[in-house]
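Here the structure comes first, spelled out in structure tokens, and everything after it is commentary.
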Amino acid sequence: MNKKFLGLVPLLIFVLLCVFLYQGLFGNPRELQTGRLGQTMPAFELPDLMDEQKRWTDQDLLGEVYLLNVWGTWCPTCIAELGYLTELREQGVRIIGLYYEQAYDPDFGDQFDINYLRTDVQQMLARAGDPYQFNILDLERTLALDLGVSGAPETFLVDKNGKIILHHTGDINPRVWRSKFAPAIQELQP
Amino acid sequence: MKKLMLALALLAGLWSLSANAVEDKYQFKNAEREQTFKELVQELRCPKCQNQNIADSDAVVAKDLRDRVLDMVREGKSKQEVIDFMIDRYGYFVHYQPPVTPATIVLWVMPVVILVLGFGFIVFRQKKAARKQSWSPEDEQKLAELIKQSQRKERTS
């Protein structure tokens with residue numbers, strides 16, 4: 001009896017190892033890379049994408065549940081999700097854009113043209129749908145870094161007290177919405 | 001031809017300008033901070049590209065993280081402070097040395113367990129083999145008799 005059990009030990013270890021490695025193989029590594037969940041929105045003061053006189057701060061966003069959608073016109077997946085996000089806006093979801101600019105880089109001289117960018121954005125939104133209440137321009141990607149953004153598109157669900165509930169990497173589509181966002185929003189509503 | 005020469009000269013000028021810019025960017029007050037910076041960009045993992053550190057990667061986010069590390073090191077922040085800052089934003093994923101948590105304990109414990117089991121197995125087998133080879137005085141006697149018998153047979157034949 002004892003000997004039989006000892007013989008099974010290597011098999012047992014092997015099976016455990018397989019389960020562990022299998023998880024690593026098929027788990028989504030992007031799900032792990034979030035440090036900001038459960039914390040409040042970092043403080044910021046950034047201009048509006050369309051009007052640099054207008055400035056937004058973290059205080060302006062309080063009071064209502066919203067999605068913060070990180071996007072850029074250079075990013076094909078972001079453009080692909082604009083249509084569905086617009087549908088969500090029509091259903092009453094508050095969506096705020098965080099414009100993630102890649103062209104602007106102080107290291108290589110200031111060749112960035114804000115007027116060109118605005119026209120580009122307006123054309124894009126007119127064509128693919130405009131889900132945004134407004135867009136915040138994060139030219140140096142400082143807010144993006146504080147949020148733990150690694151690219152675009154990424155979307156945060158924030159409650160009315162400014163607490164970050166979800167951090168989703170990748171596009172939002174009906175499947176992601178049903179399985180991830182809708183239940184989380186349901187929980188926030190009393 | 002003149003135009004070409006001029007263009008080349010301009011290009012060379014531009015190139016040296018940008019080279020200077022890069023050199024200036026990575027100037028440090030002392031060698032210790034430079035060392036800290038070099039270690040950090042090796043140890044921090046690019047969140048976008050999965051298996052490169054931020055020194056190796058050309059991703060925008062890797063560049064942003066490099067710049068932030070540079071700023072923080074210049075401000076005199078310690079290595080651990082920079083690592084904590086990054087983990088706070090990008091999770092444990094961003095550091096190549098995982099801390100001991102319930103999720104990673106298996107990584108730390110598994111090698112030790114395998115080593116102990118392996119040695120245990122070898123020792124166990126050694127003992128078993130040694131037990132089989134034990135040699136008693138009775139065995140000695142039996143052997144002596146057998147030898148005698150075979151010697152007698154040889155003589156008679």
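What shape does segment A:46-106 take by its C-alpha gyration tensor, where a ≥ b ≥ c are the square roots of the eigenvalues and a/c under 1.5 counts as rounded, a/b above b/c as prolate, and the rest as oblate? Oblate is the answer for segment A:46-106, as a/c is 1.5 or above yet b/c matches or exceeds a/b.
Projected label points at B:ASP56 and B:GLN97, each 7 Å from Cα along the beta carbon direction, are separated by 1.8 nanometres.
Interface burial in segment B:64-90, defined as at least 30 Å² less accessible area with all protein chains than with the chain alone at a 1.4 Å probe, covers B:ASP64, B:ARG68, B:ASP88, B:ARG89, B:TYR90. What net charge is computed for the residues neighbouring A:ASN69, neighbours being all others with C-beta under 13 Å from the C-beta of A:ASN69, Lys and Arg scored +1, Asp and Glu -1? That works out to -3.
Add +1 for every Lys or Arg and -1 for every Asp or Glu among the other residues with Cβ under 14 Å from the Cβ of A:ALA128, and state the total.
-3
Look at where the Cα atoms of segment B:43-75 and of segment B:92-157 average out, and the two centres are 51 Å apart. Excluding ligands, DNA and RNA, the accessible surface per residue across segment A:77-160 is 42 Å² with a 1.4 Å probe. Here each label is just a point 7 Å from Cα along the line to Cβ, and for B:GLN133 and A:ASN173 those points are 6.7 nm apart. Treating r as the C-beta distance of A:GLN91 and A:ASP48 and R0 as 22 Å, the FRET efficiency rounds to 0.35. Modelled spin labels at B:VAL123 and A:ARG55, positioned 7 Å past Cα toward Cβ, are 7.0 nm from each other. Taking the Cα atoms only, what angle lies between the long axis of helix A:2-26 and the longest principal axis of chain A, rounded to 10 degrees? Rounded to the nearest ten degrees, it is 10. List the residues of segment A:120-147 for which accessible area in the full set of protein chains is at least 30 Å² lower than for the chain on its own; 1.4 Å probe, protein heavy atoms only. Those are A:ARG141, A:LEU145, A:ASP146, which lose 30 Å² or more relative to the chain on its own.
Measure off, as a whole percent, the carbon and sulfur share of the 1.4 Å-probe accessible area of the protein assembly as shown, all protein chains present. Please report the intermediate quantities before stating the final value.
Numbers: 13080 of 22240 Å².
Taking all protein chains in place, the protein assembly as shown shows 59 percent carbon and sulfur surface.
Whole number in Å², please: accessible area per residue of segment B:47-157, 1.4 Å probe, ligands, DNA and RNA not counted.
Working: 8010 Å² over 111 residues.
Heavy-atom SASA per residue in segment B:47-157 reads 72 Å².
Among the residues of B:48-54, the average count of other protein chain beta-carbon atoms within 10 Å of the residue beta-carbon is 2.
Could you tell me the total accessible area buried at the A-B interface, probe 1.4 Å, in square angstrom to the nearest hundred?
Working: alone 11530 and 12830 Å², together 22240 Å².
Adding both sides of the contact gives about 2100 Å².
Between helix A:76-90 and chain A there is an angle of about 80 degrees, using the helix long axis and the longest principal axis of the Cα atoms.
The values are calculated or read from the model by the stated rules, or taken from the named source; none is laboratory data. If you're wondering where the values come from, they're calculated on a predicted model, not measured in any experiment. Reconstructed Cβ throughout: ideal geometry from the backbone, glycine too, with neighbour counts over all protein chains shown. What goes into the accessible areas is simple: the full protein's heavy atoms, side chains included, and nothing from ligands, DNA or RNA. Shrake-Rupley method; radii C 1.70, N 1.55, O 1.52, S 1.80 Å.
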